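First comes the structure, then the notes that go with it.
The values are calculated or read from the model by the stated rules, or taken from the named source; none is laboratory data. Here the structure is a predicted model, which means the values were calculated and not measured. Cβ coordinates were reconstructed from backbone atoms using ideal geometry, including for glycine residues, and neighbour counts include every protein chain displayed.
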Amino acid sequence: MMKTYIKAVALAALALALAGTVHAGDSVAGKWTAQFDSQIGIQKYTYEFKVDGTNLTGRAIGARENGKNIVAITEGKINKDEISFVEALKFDDNDIRIEYTGKVSGDEIKLHRKVGDFAEEDLVAKRVKEAAAKPEAPSATGTVTNSPPAKP
C-alpha cells in the first residue's frame with residue numbers, strides 16, 4: 001500500500017515538473033515591451049520571443065533618441081521560469097555583447113541586462129496582449145450594427 005502511494009506521489013510530481021517546463025516555454029513566446037533609463041538615455045525595447053523546447057530565439061528591437069536597432073536574439077535558454085539570451089549589438093562601429101538573465105512571472109519578465117563590461121540595468125518587460133476582437137464592418141448605411149437582424 002505504501003509503495004503504491006509513493007509511486008503515485010512521485011508520478012504526480014514528475015508530471016507537474018514537466019508541465020511547468022512546457023508552460024514556461026509557452027508563456028515566454030510572443031511579444032514583450034520594456035522601457036528603461038540607461039547611460040545613453042531612455043530606451044524602449046520590443047522583444048519578440050520564439051520557443052523551441054528549451055531554446056529561445058527571436059529578435060530585440062530597440063529605440064532610443066539617436067536611432068533604432070533590430071538584433072537577432074542568440075544563445076537563448078529557458079529553464080523553468082528562468083530565461084537567458086544575448087543581444088549582439090553594433091553601436092557606433094563597436095560590437096557590444098548584451099547579456100540578459102530573467103525570471104518569468106505571468107505577464108512580466110524581470111530582466112537583468114549586462115552591457116559589455118561597462119553598464120548594467122534592471123528592467124521589467126510586459127507581455128503585449130493581442131488586440132480585442134475586431135469591430136464589425138460598417139453596414140451599407142455606414143453605421144456599425146451589433147444587434148441581431150430584425151425578425152420578419
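Remarks
- Residues satisfying the stated conditions in the stretch 40-98, i.e. closer than 23 Å to Phe118 by Cβ and among the aromatic types (Phe, Trp, Tyr): Tyr45, Tyr47, Phe85, Phe91
- Those residues of the stretch 32-45 which are out of contact with any Lys or Arg (no Cβ under 6 Å at 6 or more places or on another chain) and crowded, with 16+ Cβ neighbours inside 10 Å, in sequence order: Ala34, Tyr45
- Search result, residues across the stretch 92-105 that are free of Cβ contacts under 8 Å to residues at least 12 places away in the same chain and not charged (D, E, K, R): Asn94
Here is a yes/no grid of residues against (1) surrounded by fewer than 19 Cβ atoms within 10 Å (Cβ to Cβ); (2) hydroxyl-bearing (Ser, Thr, Tyr); (3) out of contact with any helix residue (DSSP H, G or I) (no Cβ under 6 Å at 6 or more places or on another chain):
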{"site": "Gly53", "(1), (2), (3)": "yes, no, yes"}
{"site": "Leu56", "(1), (2), (3)": "no, no, yes"}
{"site": "Gly62", "(1), (2), (3)": "no, no, yes"}
{"site": "Lys68", "(1), (2), (3)": "yes, no, yes"}
{"site": "Ser84", "(1), (2), (3)": "yes, yes, yes"}
{"site": "Leu89", "(1), (2), (3)": "yes, no, yes"}
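- Flag if Val86 is closer than 26 Å to Glu130 by Cβ and in contact with a strand residue (DSSP E or B) (Cβ under 8 Å, 6 or more places away or on another chain): no
- Yes/no for Glu87 being without any contact (Cβ under 8 Å) to a residue 12 or more places away in the chain and outside any loop (DSSP other than H, G, I, E, B): no
- Taking the numbered list (1) at pLDDT 85 or above; (2) surrounded by 14 or more Cβ atoms within 10 Å (Cβ to Cβ) in turn, Asp117 passes all entries but (2).
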